[in-house]
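Notes follow once the structure below has been shown.
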Amino acid sequence: MNTYQTNSQIDLSELDHCLLCHNAPCANECPNHYPIDRLIRSAYFKNYASARTIATGADCSACNAPCEKSCVLTEHSRPIPIRKLIHDLQEYGKDIVKSNENIQPDITMDICGVKLENPFLLSSSVVASSYDMCARAFNAGWAGAAFKTICTFQQHEASPRFSAIRNNSNHFFGFKNIEQLSDHSLNENLEIFRQLKRDYPNKVIIASIMGKNEKEWEMLAQECQSAGADVIECNFSCPNMEASDLGFTIGQNPNLVKKFTTAVRRGTTLPVLAKLTPNVADMVPMAIAAKQAGADGIAAINTINSITGVDIHSFTAQPDVHGKSIVGGYSGAAVKPIALRFISDLGHSKELQGMHISGMGGIQTWEDAVEFISLGAGSIQITTAVMQYGYRIIDDLIDGLKDYLKQMNIHSVREIIGAATKSVVEHDQIERDTILLPKFDVSKCIGCGRCYLSCLDGGHQAIEFDAKTRRPKLTGKKCVGCHLCRLVCPMNAISIATKRI
């Protein structure tokens, strides 16, 4: 099996502090009009093949780099080394695994028979809350949108209503919202559906709905179908409702899931998805209840109950709404491992075989999407990455996915649905007798000693550190093969070597 990755000599670490600007000055100032912003964005989102293609056509040998001089970071920290990135992609990008150009991969999917031109949808949230927003997303290339949840009761939003956990480059990897449902009236939302379906007949409209009782759930499903929706999604999982008998409290009770799914099924002949909450120990019983009541698929996961932080000066949890806050929904890259766990649970359940799974939770790149698909997801929904980077990420989601399939000699993305499911096994099925020792590449090692410190204080004291050469040395008899050293190495200078029984 091919491995999709960049050559180790291509240093992409500088991209971490790139701001991924709108109307980027670096591209505007390029005298040769190279799409530098697209090159950087492709590399940032792991679409290395597209980055390499753009770099191949660039000739910067006689250029005084106005792109770097115009970088908005120049006066604040340091500009992105664009010429070096282009040079490295040209010089070392040749070693990126070559695509099989004889394959034109099929990236179409479907939700219970409703065709998707690609797997990527906007999830129900602020990113899909008006005609204009959905139209711009559709024009950009998104296959469809789960519209922000429709209801009949008035919304009372707080301000501010977002908070985030950031990395050192100020990008957020964890995001909290206390936002509620659509603030448009039912009739306004139905008219938006009619307009979208008229103007974008090949795009998929998922109507996310929430009712207060069975009659209302049924009515909403009926009205949305009449207005042109293609799929109904039951929001059993919003954590931010003012009333205690709405949102995720439904998704924690299989009897309520079954009751309201039954009501929705009465109101529509469209495919029905139950959007379930991760704020449970086990999602499978809720999914089974939805299936028994007539749901055709599951959407998961919604956001996780959270408090992202506390202002240690005012002692107020975030976001601070006039000195108070509430537990809210956590999303972003940080929740991806939790989301994958729930997708795996659903994919493993024999009772749920044949149900569509629409996966979401921390997806930013095509690679993230492939992970979800390989564990059983048949479509992908995204919100937080769009909130941070914009609808434009669809370019690299699609191009990266296509190139991956070419490199893997896979003709259709459908072929990998559930491909990784069998690799997740019960605890007693893991082989525990073989030890895989780490191998140190001294040519890559810079002598930081991180592996030594981690093994000394967090491992099994199996690494020695030579103070003169500043190089680590493995004591094989002590090593238990945990590979903590490999994970902390900033230079990827440690790999898996020999086996020890």
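The table below lists the values:
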item	result
Computed log₁₀ I(q)/I(0) - Debye formula, equal Cα scatterers, no solvent, region 356-490, q 0.09, 0.15, 0.19, 0.22 Å⁻¹	-0.48, -0.92, -0.97, -1.10
Viscosity 0.890 mPa s, temperature 25 °C, Stokes-Einstein D of region 432-500 from Kirkwood C-alpha radius, µm²/s	207 µm²/s
Semi-axes of the equivalent ellipsoid for region 13-95, Cα gyration tensor, largest first, Å	18, 15, 11
Long-range lysine pairs (8 or more apart or interchain), region 151-298, Cα under 15 Å	9
Lysine pairs within region 432-500, Cα separation less than 15 Å, 8 or more sequence positions apart or different chains	7
Length-normalised contact order for the chain - Cα pairs under 8 Å, 6+ apart - percent	14 percent
Pairwise FRET efficiency - residue 350 versus residue 475, Cβ, R0 = 45 Å, nearest 0.05	0.45
DSSP beta bridge pairing in region 237-394, given as percent antiparallel to the nearest 5	40 percent
Estimated dipole of region 55-157 in Debye, rounded to 20 [Cβ of Lys and Arg +1, of Asp and Glu -1, Cα centre]	160 debye
Relative contact order (percent, whole number), region 13-95, Cα cutoff 8 Å, 6+ residue spacing	31 percent
Within the chain, helix-based [θ] at 222 nm, where runs of 4 or more DSSP H residues each add -39,500 (n - 2.57), nearest 500	-9000 deg cm²/dmol
Matching label, Rg/Rh (Cα atoms, Kirkwood Rh) computed from the structure shown, candidates [x] 1.14; [y] 0.94; [z] 0.99	[z]
With at most 10 other Cβ atoms within 10 Å, longest stretch of the chain clear of loop trypsin sites (Lys or Arg not before Pro) (DSSP)	1-431
Residues 257, 310, 114, sorted so that the one with the fewest Cβ neighbours within 10 Å comes first	310, 114, 257
Difference of contour (0.36 nm per residue) and Cα-Cα distance, residue 157 to residue 316	55.4 nm
Simple Cβ-charge dipole of the chain, Lys/Arg +1 and Asp/Glu -1, about Cα centre, in debye nearest 20	1180 debye
Pairwise label distance in nanometres, residue 104 with residue 499, each label 7 Å out on the Cα-Cβ vector	4.4 nm
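Every number here is computed from the coordinates shown, using simple stated rules; none is lab data. All figures in this text were calculated on a predicted structure; none of them were measured in a lab. In this analysis, Cβ positions are derived from the backbone assuming ideal geometry, glycine residues included, and neighbour counts consider all displayed protein chains.
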